[in-house]
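J.: Dropping a structure here in structure tokens format, bear with me for questions.
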Amino acid sequence: MEVEGGSRSAGAGEDRTIPIQSGQPMAFFQFTQQNLPACKPVLTPAWVITACLLMGFIFIPIGLVTLRASHSVIEIVDQYDTECVPEVHKYMKAPIYIYYQLDNYYQNHRRNQIPNVVGFCLCICFDSKLTPRYLPESNHGLPIVPCGLIAWSFFNDTFKFIRERTELMVNRKNIAWKSDRDHKFGKQVYPFNFQNGTFTGGGSLDPSIPLSDQEDLIVWMRTAALPSFRKLYGRIEEDLDEGDLLEVHVMNNYNTYSFGGKKKLVLSTLSWLGGKNDFPGLAYVFIGCSSIIISIVFMLLHVKNPRAYGETAYLSWNRKSISG
Amino acid sequence: MAGNRRKRHNFSSQIHAFTCGKTSFQGDHSLIGGPGFSRVVYCNDPDCFESSVLNYSDNYVRTTKYTLATFLPRSIFEQFRRVANLYFLLCAILSFTPLSPYSAVSNVLPLVVVIGATMGKEILEDWRRKKQDIEVNNRKVKVHFGDGVFESSKWKDLKVGDIVKVEKDEFFPADLILLSSSYEEAICYVETTNLDGETNLKLKQALDATSNLIEDSSFQNFKAIIRCEDPNASLYSFVGTMDIEEQQYPLSPQQLLLRDSKLRNTDYIYGVVIFTGHDTKVIQNSTPPPSKRSKIERRMDKIIYFLFGTLVLMSIIGSIIFGITTSEDIEDGRMKRWYLRPDDTTVYYDPKRAAAAAILQFWTDVLLYGYLIPISLYVSIEIVKMLQSRFINQDIHMYYEEADKPALARTSNLNEELGQVDTILSDKTGTLTCNSMEFIKCSIAGTSYGRGVTEVERAMASRKGSPLPQEATEEEANVVESAEEKASVKGYNFVDERIVNGNWVKEPRADVIHKFLRLLAICHTALPEIDEETGRITYEAESPDEAAFVIAARELGFEFYERTQTSISLHELDPVSCRSVERSYKLLNVLEFSSSRKRMSVIVRNEEGTLLLLSKGADSSVMFERLAENGREFEEQTKAHINEYADAGLRTLILAYRELDEEEYNRFNEEFTVAKNSLSADREEMIEEAAEKIEKDLILLGATAVEDKLQNGVPECIDKLAQAGIKLWVLTGDKMETAINIGFACSLLRQGMQQIVVNSDTPETKALEKSEDKSAVAAALKESVIRQILDGRTLLRASNESSEALALIIDGKSLAYALEDDVKDIFLELAIGCASVICCRSSPKQKALVTRLVKVKTGSTTLAIGDGANDVGMLQEADIGVGISGAEGMQAVMSSDIAIAQFRFLERLLLVHGHWCYRRISSMICYFFYKNIAFGFTIFFFQMYASFSGQTVYNDWFLSLYNVFFTSLPVIALGVFDQDVTARLCLRFPLLYQEGIQNVLFSWTRILGWAFNGVLSAIIIFFFCIRAMEQQAFRKGGEVAGLEILGATMYTCVVWVVNCQMALSISYFTFIQHIFIWGGIIFWYLFLLAYGAMDPYISTTAYKVFIEACAPAPFFWLITILVLISSLLPYFAYSSIQMRFFPFYHQMIQWIRVDGQIDDPEYVYMVRQRSLRPTTVGFTARFEASSRNLKADLEKMTEGQAL
């Protein structure tokens, strides 16, 4: 009485002559009959528990390592207005990275972005070839290089670091992404007609240095993702000792007061993973712990309750009929 | 046979009353030349000046949807009739304005791809039609080229006015007027199966005036002008005149040969082309099948509207916040966010016109959040369904070898609907049964002959005898096989040594037997076909029962071998000499069968000159009333036998005859001829009236019984369907007893089932009918029907407590009342409560009405299955129409959605393909929404961090390729290949099908669950990414992550998450799934590499983002893994708990499979038993019921013993 689809197919497969089948390989026949060899994983308790435990045991160590890397980073964050005296509370090994941080600043605003696409296209097109593929927005008929609102609102605070009366050397080379320096910003493109409008935005540029060497501009031109962001200012290539008092001479040119933004100066060392952020490590540990907890809870439930299959009171249609 | 030898027939005009002389110039013929009747055909002169002025269309027939020229505009128009596509078109247009948050090209491309794919599909389908067209249009036909020379020419080159010669078994290339044929009387036989599905041959006859054109050469100087009606779709009417040599003759449908019908039993005909190509009646008649949409798709539309709503809401929120922040940019003349230059800006960002900016921003947002709406959904579903249909068509288990017919999904729209069928409405004849009749018994002169055992009897015997139906069915199967071996003659299964081999002459009433058999051999409309080689005669008959009679007569010694217009010739066994002699009977009149008459008669004159009226009638009430007083000799016995036969599931006919005297006949003939020749509307009635007068005072001879055999595997299939919880209603035109018997044979009914019979054929109702007042009769009948239904309902309520199964049997007359507006609700209530419903004696219209009633009132999915032209209404009315491509022509198949060759394939079609398709499509749609919500919400969340300015976090091309490349293929693989359980297990656990009926896989909770999962994934992806990458250095070099790195990372996470989510939620991996899922992810990385390597002018923000920034940074990989696992963890936990503690039915089956207990029959039985709702029909139920009874008996016995 039982119709054995599988066994019937095995028997029927060979002798039947369906036009589609003739002369075609077995795999194709299986394909048309939807009978391809397949792996059919099922979430059995053993699988679930193993997978969760495994996940936990992988994630927690990764989280701990990540956390450790994050903790190994020494970071000094100091809000500044006119002056700034950050204290080194722990020994910082060179290189120490200097960032400026702006809060509540929407560099990712779409108004910035649209001209920016054009703006940095300009920079590209001047690369090596001198004929522009795109004519930038002009001011009195003359092109502006670099153009766009982002360039126009170029950050122009400067910092001078003094430790015990001696000025610390700040290396401001190699702070931008290499591809930007090499390809996006032209080596033979010089700032031109920049900040010449009626209303001056941010900082101005030395028209004698090609754009590809104006690394602070290149850094600035990479749009920040979020309204609170840091950008690399430079590197101090000397170690700082614990208790060192740094005196920072700030040229506070950049206006953040009108929109209530804050400016911060950040000194940070780096680990193999980058800067200081506990979140990934904590998240790893959290997820690892959760999956272990899930596996334990699941295991307990599994052991306590007998297997429910065949117990069809759970089926929705049976539930309906039970209740009503 | 030589083509030119003309057959001689003694032609007498009495039979074919349509001899058209001048007398019948009346009525419609006066219209010719007026509006609607303007066609003029210059016969044999298609190139003359007058006809070239008329410029009728050529004979090229195009069934394709598009031509080269119309393809583009038309298909584009078709595409944009869909609301979603229109929306995307709007987006594409808007994306060329500055409103667009991304570049126009990137937005247009996916649309182009999607539209292009759909168009490609259209082209593919149209190409198939085109090939068919080419084949048809290039068929050859012989055409008169002048000077009496006929040469072959292509169909498409035919012109109006051409003379063509069509030979035996060829199709007519256009609508022709018959001029002459190989028969002297210029008649020909035509098969119109392609037009109306009727398999009987129709007779056509040319005008006398042209019937002498018998040679090719006679057309040398033939000239005629035909004036007739304009092209129209009516197959059965035609009005025209033909002018030959100043003489005018009327033309009627009798001369019209329609395109696509076939010349049969005639060597050749000559005809003149009057309608060509698209003017032909068959083409004018072709209408596309009604387009049906599945419930899932309708619900999907609702989800799309829901998403639209979400989109608009999000856009409104976004634009309001944007408006507020923008208006705050200048406060009291002081700029706040000076770096945005609010003083020098366009209208889009102008703080002074913040409201306008907000409104414009709304449109930007509409564009931006458009990723919530899956652009590729429709095209993916179409592709998937097309492939699913392929699988259905190619399934070897639904391939019927004997007829070389695979299943054919004619529309792919309804695949998933196949998984949700709640009620099947089935025709009986040809669907449940083979529609091949076997002459098995007869009752002659009050004696019953024939010892064949019918399937129903076998079933009944086993029902009574054996408590184990399994064994019984096996035995049954064996018996059937052996019986099949014995029955060498198709349609004949008569075993009785008293009759066969001429033994009947020794029977006491040999004279009656003689008359009986002769009647069988004469009274029919079949045509003999002599096989030239073997000399064996086969018959072409209108219906299989008729064929069975003629065959039976032949086997018993009355071989009918020739029919002419006026005579029927037999080899008959002479009872005196016991030798075969040739006898011919002059055929005078045929009183044809019609559904209202339920009988047919012929009037013949035998060689002795006696006039005989031979009559056979379908229904006892029809025939017994017409018997003469002296003809009722065997009435009682015959009636008893008929009831016996009906109990055995046989179709019975009553045979009777009478001798006529000349005078009576002449009177009748006159009246009959007048009636036949009249052109008025009540012609049919007049004919019936005339026939009525002569069909009386008959002398009863006996009755025949033919078996309508059940198709192979029907009981098993019905049992499976019943176990799956599908209700089966049988709607049949048969009489109640036959229907009930078939019900028993296929286990729809069983003993112990309470039958509620609603009948208007009871003695009381008959008494009622005698009264004169028609309306009073109707009211009384209705009253009685309502009473019976209400009685049934009380029974039903009572039985609900005792869980006893009920069956409802209702006849056509009662059904007419039950379907009236005020009754149909209680009728439906009763019918739904019953385990089986059988409607007998129902007309095609009633079948359609019942279907609509069930469909509309219960809201459940109905499937109608049938094979004949009378099922067409039902097939089109039901949610799904399944046609059986059997013997009864193509009409049902042409109006069906899916055609199968045998009823038993329904089991696989529904339980396997239906279930799979339902599951596939519903999970596919859910998953589509999931992936687009997950993606769309990350875009939305980012807006919160970009002051709702409409800036996207992703590169334009990432956005646009999301739906088209990185995530679409796995979904298609899901839709085409996914299987929750194998076909074998689908069939073993039919209750699995309930998942579709209950719609558990596409319930709103499940859809919203997936939407919620999408939002959850978006939250985890977005917030984990931004928290992890917020400010600090992204890597060792000290650089921080900018917008482009965040975008690339987040996008990578999205691609991983949605693809792995897919991998997690499906439980069936072939290498195809692996390729698509993992390939999708790998493809993303490759794309990122390739795209990043392009000139920065093209790649913009993606320039070297992977190779320089992401790939070398361990942070990137750490985040990918973190986000991936944490996004999947909630779903993983949920689904493993659900799987373990609250499994769906398919998951239970998966458990059984995993535990390897699938081969443990006891275990499987146990699980299945526990999950089965008690079924009430099918042999499983019958088995259960009988074993219950047995148990009860045993208990009683033991109790008795204990006492």
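J.: Is one or more of the residues making up region B:990-999 of a type in the set (Asp, Glu), open to solvent by less than 10 Å² (accessible area, probe 1.4 Å), assigned to a helix (DSSP H, G or I) and within 10 Å of another protein chain (Cβ to nearest Cβ)?
T.: Kept after step one, since they are of a type in the set (Asp, Glu), are these residues of region B:990-999: B:995.
Cutting the leftovers down to open to solvent by less than 10 Å² (accessible area, probe 1.4 Å) gives us B:995.
The next check asks that each one be assigned to a helix (DSSP H, G or I); those that pass are B:995.
Checking the rest, the ones that are also within 10 Å of another protein chain (Cβ to nearest Cβ) come to B:995.
Yes - at least one qualifying residue is present in region B:990-999.
Per-residue answers, yes or no, for (1) away from chain A (no Cβ under 12 Å); (2) touching an Asp or Glu at 6+ places or on another chain (Cβ under 8 Å); (3) open to solvent by less than 10 Å² (accessible area, probe 1.4 Å); (4) in a helix (DSSP H, G or I):
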residue	(1), (2), (3), (4)
B:Tyr930	yes, no, yes, yes
B:Thr938	yes, no, yes, yes
B:Asn1013	yes, no, no, yes
B:Ile1020	no, no, no, yes
B:Gly1037	no, no, no, no
B:Ile1045	no, no, yes, yes
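J.: Answer with yes or no whether A:Gly234 is among the small types (Gly, Ala, Ser) and outside any loop (DSSP other than H, G, I, E, B). Can you show your working first?
T.: Working: among the small types (Gly, Ala, Ser): yes; outside any loop (DSSP other than H, G, I, E, B): yes.
Spelling it out, A:Gly234 is indeed among the small types (Gly, Ala, Ser) and outside any loop (DSSP other than H, G, I, E, B).
J.: Also, quick follow-up: Only one of (1) more than 30 Å from B:Pro1114 (Cβ to Cβ); (2) more than 7 Å from chain B (Cβ to nearest Cβ); (3) at pLDDT 85 or above is not met by A:Ser271, so which one is it?
T.: A:Ser271 satisfies all of (1) more than 30 Å from B:Pro1114 (Cβ to Cβ); (2) more than 7 Å from chain B (Cβ to nearest Cβ); (3) at pLDDT 85 or above except (1).
J.: Go through (1) touching a strand residue (DSSP E or B) at 6+ places or on another chain (Cβ under 8 Å); (2) without any contact (Cβ under 8 Å) to a residue 24 or more places away in the chain one by one and return the number of the condition B:Ile1082 breaks.
T.: (1)
J.: Of these, A:Asn174, A:Asn156, which one is open to solvent by 10 Å² or more (accessible area, probe 1.4 Å), within 14 Å of another protein chain (Cβ to nearest Cβ) and out of contact with any Phe, Trp or Tyr (no Cβ under 6 Å at 6 or more places or on another chain)? Lay out the reasoning, then the answer.
T.: Working: A:Asn156 fails: out of contact with any Phe, Trp or Tyr (no Cβ under 6 Å at 6 or more places or on another chain).
Of A:Asn174, A:Asn156, the one residue that is open to solvent by 10 Å² or more (accessible area, probe 1.4 Å), within 14 Å of another protein chain (Cβ to nearest Cβ) and out of contact with any Phe, Trp or Tyr (no Cβ under 6 Å at 6 or more places or on another chain) is A:Asn174.
J.: Filter region B:631-651 down to residues that are open to solvent by less than 10 Å² (accessible area, probe 1.4 Å) and more than 13 Å from B:Leu701 (Cβ to Cβ), then give me how many there are.
T.: So the first thing to find is which residues in region B:631-651 are open to solvent by less than 10 Å² (accessible area, probe 1.4 Å), and the list is B:631, B:638, B:645-646, B:648-650.
Still in the list and also more than 13 Å from B:Leu701 (Cβ to Cβ): B:645-646, B:648-650.
Summing the residues that are open to solvent by less than 10 Å² (accessible area, probe 1.4 Å) and more than 13 Å from B:Leu701 (Cβ to Cβ) in region B:631-651 gives 5.
J.: What are the residues in region B:538-569 that are within 25 Å of B:Glu707 (Cβ to Cβ) and over 35 Å from the mean Cα position of the chain (by Cα), if any? Let's see the steps before the verdict.
T.: So in region B:538-569, the residues within 25 Å of B:Glu707 (Cβ to Cβ) come out as B:538-560.
Within region B:538-569, B:Ala553, B:Arg554, B:Glu555, B:Leu556, B:Gly557, B:Phe558, B:Glu559, B:Phe560 meet the criteria.
J.: Pairs needed: first member in region B:380-392, away from chain A (no Cβ under 14 Å); second member anywhere, outside any helix (DSSP H, G or I); C-beta distance under 6 Å; at least 6 residues apart or different chains.
T.: Close Cβ pairs satisfying both conditions: B:Lys385/B:Ser412; B:Lys385/B:Asn415; B:Met386/B:Ser412.
J.: Quick check: is even one residue across region B:1146-1154 more than 40 Å from the chain's Cα centre (by Cα) and open to solvent by 20 Å² or more (accessible area, probe 1.4 Å)? Talk me through it step by step, then tell me what you get.
T.: Going residue by residue through region B:1146-1154, those that are more than 40 Å from the chain's Cα centre (by Cα) are none.
No, there is no match, as no residue in region B:1146-1154 is more than 40 Å from the chain's Cα centre (by Cα) and open to solvent by 20 Å² or more (accessible area, probe 1.4 Å).
J.: To continue, here is another question. When region B:780-794 is examined, which residues are found to be open to solvent by less than 60 Å² (accessible area, probe 1.4 Å) and either among the aliphatic types (A, V, I, L, M) or modelled with pLDDT under 75 (or both)? Explain how you work it out, then say what you get.
T.: So in region B:780-794, the residues open to solvent by less than 60 Å² (accessible area, probe 1.4 Å) come out as B:780-782, B:784-786, B:788-789, B:792-793.
If the condition is that a residue be open to solvent by less than 60 Å² (accessible area, probe 1.4 Å) and either among the aliphatic types (A, V, I, L, M) or modelled with pLDDT under 75 (or both), then B:Ala780, B:Leu781, B:Val785, B:Ile786, B:Ile789 are the ones that fit.
J.: Next question. What strands (runs of 3 or more DSSP E), lying completely within region B:516-620, carry at least 3 residues that are closer than 19 Å to B:Val500 by Cβ? It would help to see each step written out before you state the result.
T.: Numbers: elements: B:527-530, B:537-540, B:558-563, B:567-573, B:580-591, B:599-605, B:611-617.
Answer list for region B:516-620: B:558-563, B:567-573.
J.: Moving to a separate point now. Tell me, please, whether a residue that is aliphatic (A, V, I, L, M) and touching a Cys at 6+ places or on another chain (Cβ under 9 Å) can be found in region B:207-218. Let's see the steps before the verdict.
T.: Let us first name the residues in region B:207-218 that are aliphatic (A, V, I, L, M), namely B:207, B:209, B:213-214.
Okay, now just the ones that are also touching a Cys at 6+ places or on another chain (Cβ under 9 Å), so B:207.
Checked against the condition, which is being aliphatic (A, V, I, L, M) and touching a Cys at 6+ places or on another chain (Cβ under 9 Å), region B:207-218 yields at least one hit.
Quick grid of which residues meet (1) among the hydroxyl-bearing types (Ser, Thr, Tyr); (2) more than 7 Å from every other protein chain (Cβ to nearest Cβ):
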| site | (1), (2) |
| --- | --- |
| B:Phe1087 | no, yes |
| B:Tyr1097 | yes, no |
| B:Ile1107 | no, yes |
| B:Trp1117 | no, yes |
| B:Leu1122 | no, no |
| B:Leu1128 | no, yes |
| B:Tyr1131 | yes, yes |
| B:Phe1141 | no, no |
| B:Tyr1145 | yes, no |
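J.: Quick check on my filter: what residues within region B:1000-1010 are open to solvent by 20 Å² or more (accessible area, probe 1.4 Å) and in contact (Cβ under 8 Å) with a residue 40 or more places away in the chain?
T.: So in region B:1000-1010, the residues open to solvent by 20 Å² or more (accessible area, probe 1.4 Å) come out as B:1003-1006, B:1008-1010.
The answer is B:Arg1006, B:Trp1010.
J.: Here's another thing I want to ask about it. Of these, B:Glu625, B:Glu607, B:Glu670, which one is touching a strand residue (DSSP E or B) at 6+ places or on another chain (Cβ under 7 Å), exposed (fewer than 14 other Cβ atoms within 10 Å of the Cβ) and of a type in the set (Asp, Glu)?
T.: Values: B:Glu625 fails: touching a strand residue (DSSP E or B) at 6+ places or on another chain (Cβ under 7 Å); B:Glu670 fails: touching a strand residue (DSSP E or B) at 6+ places or on another chain (Cβ under 7 Å).
The match here is B:Glu607.
J.: For region A:55-79, how many residues meet the condition of being part of a helix (DSSP H, G or I) and away from every other protein chain (no Cβ under 11 Å)?
T.: The initial filter retains those residues of region A:55-79 that are part of a helix (DSSP H, G or I), namely A:55-71.
Narrowing further to those that are away from every other protein chain (no Cβ under 11 Å): A:57, A:60-61, A:64, A:67-68, A:71.
The number of residues fulfilling the criteria is 7.
J.: Restricting the search to region B:500-539, which residues are charged (D, E, K, R) and buried (at least 19 other Cβ atoms within 10 Å of the Cβ)?
T.: Initially, region B:500-539 is screened for residues charged (D, E, K, R), giving B:506-507, B:509, B:511, B:515, B:518, B:529, B:531-533, B:536.
B:Lys515, B:Arg518, listed by residue number.
The values are calculated or read from the model by the stated rules, or taken from the named source; none is laboratory data. Computed from a prediction, not measured in an experiment: that's the story for all the values here. All Cβ positions, even for glycine, are placed from backbone atoms using ideal geometry, and neighbour counts span all protein chains on display. These area figures cover heavy atoms from the full protein model, side chains too; ligands, DNA and RNA do not enter into them. Shrake-Rupley method; radii C 1.70, N 1.55, O 1.52, S 1.80 Å.
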